[in-house]
Amino acid sequence: MELADKTLAILGFGRIGQLVARRAEGLGMRVVGFDPFVSAERYRELGVEQVDTLDEALAGADFVTLHAPATAETRQMINAETIAKMRDGVRIVNAARGSLVDEAALYEALKSGKVAGAALDVYSEEPYSGPLLELDNVVATPHLAASTDEAQDRAGVIVAEQVAAALDGGARHERGQHPGDRRRRPAGARPLRLARGRARPPRDGPGGGPRVAPAARSTTASSPTTTRGC
């Protein structure tokens, strides 16, 4: 199936949902988004059609992708009732939270053909060994969507930067920030420096040396103290 001119419904239009929207638009898809906590202005900036209800998002979608958090309100938001409101032959992607999908209802819909296919990376219980694995129209991966070499490298970079920022008194990255995205580094957070194979925060004193009280400079100038991180 070609993706061009197909409709993608994104349920949950936070950071990840917005990244998916950009990629889908690049493939020529029509993108609609449902998230009551995102402003209309943000939808307009990204060229995504905002819908006000879940039913409206599902009704015309060829593909449905889930990017909502796991809350009491979103638990099993994909269930027998909501699946019935989708068009026949819809395809569902869930790489967000296993609790968003009623797996028994999805299984029946896949068996009947109401749902043409599903791609799943998360499940209600993990490791998953349920009946969805028996279906030919299901692509199942064991919760490893971010387990690429590049993603692991970015994760290492952002952890190192967070440690350096904390040791240097700077603000830490907000949870969910894209790893390694230096354009979004919080004020006060600076790149990590390495010394003899160990991490330490950047120096800030005169000439690159450590900060010292004025009265102590004369006694420490010949043998500066080096502060090391973990």
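Every number here is computed from the coordinates shown, using simple stated rules; none is lab data. It should be emphasised that the depicted structure is a prediction, and the values quoted were computed from it without experimental measurement. Counting neighbours? That spans all protein chains shown, and the Cβs are built from the backbone with ideal geometry, glycine included.
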Give, in nm to one decimal, the length gained when the segment between Glu125 and Asp5 is fully stretched (0.36 nm per residue of separation minus the Cα-Cα distance). 39.7 nm
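Just need the relative contact order of the range 36-164 here, percent rounded to a whole number, with Cα pairs under 8 Å and 6+ apart.
Values: 167 pairs, mean separation 24.0, N = 129.
Relative contact order here is 19 percent.
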If you average the alpha carbon positions of the range 128-143 and of the range 1-53, how far apart do those two centres end up, in angstrom? 27
DSSP loop (so not H, G, I, E, B), at most 10 other Cβ within 10 Å: list which GluC sites (Glu not before Pro) in the range 55-96 pass both filters. Glu73
Using only alpha-carbon positions, what ratio does the radius of gyration of the range 7-140 give when scaled by 2.2 N^0.38 Å? 1.00
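Kindly put Phe63, Phe13 in sequence by how many other C-beta atoms sit within 10 Å of each C-beta, fewest to most.
Details: Phe63 21, Phe13 25.
Placing the least packed residue first, the sequence is Phe63, Phe13.
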